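I am attaching a structure below and will ask some questions about it afterwards.
Quick note: the coordinates plus some simple rules give every number you see, no bench work behind them. As the structure is a prediction and not an experimental result, all values here were calculated from the model. Here Cβ is always computed from backbone atoms with ideal geometry, including for glycine, and neighbour counts include all displayed protein chains.
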Amino acid sequence: MPESTSIAERSVEMQRSPEFQRLRRTFMAFILPMTALFLAWYLAYVLLAGFAPDFFAARLGESHITVGLLFGLGQFVSTFAITMLYSRWANRVYDPQADPLAARMEQGEQRGAA
């Protein structure tokens, strides 16, 4: 990148680069299905709570644990699971692709400041 380019120009140039576009596709390929899966699970939880309260109030055996309680705890478990999956994926797949692009942007900033 030429030394006289501003940060905005370098950013636009980076966003248009094939490497950045590939990185963006990689990110979306992971995020969109995970988001859809979680939202479907959450929507099922909300709809069942609203339209099937008897089902959610059903006790498991003679305990005080209900189906609704398990679904609610499942929301927390799935949130932590998705967070762990994302962290592992980002460390293995996303970050190794993003680091060279970040380094290129930082080098441009250092050259522009000099």
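For L85 paired with A57, estimate the spin-label separation in nm (one decimal), with each label point 7 Å from Cα along the Cα-to-Cβ line.
Label at L85, label at A57, 3.4 nm between them.
For the chain, count all C-alpha to C-alpha pairs, find those more than 17 Å apart, and express that count as a whole percent of the total.
Values: 4404 of 6441 pairs.
Everything past 17 Å amounts to 68 percent.
Name the residue, out of I82, I31, I65, whose mean-square fluctuation peaks in a Gaussian network model built on the chain with Cα pairs under 10 Å.
Result: I65 has the largest fluctuation of those listed.
Can you compute the FRET efficiency between E13 and F76 using 1/(1 + (r/R0)^6), with r the Cβ-Cβ distance and R0 = 35 Å? Round to the nearest 0.05.
Once rounded, the FRET efficiency stands at 0.25.
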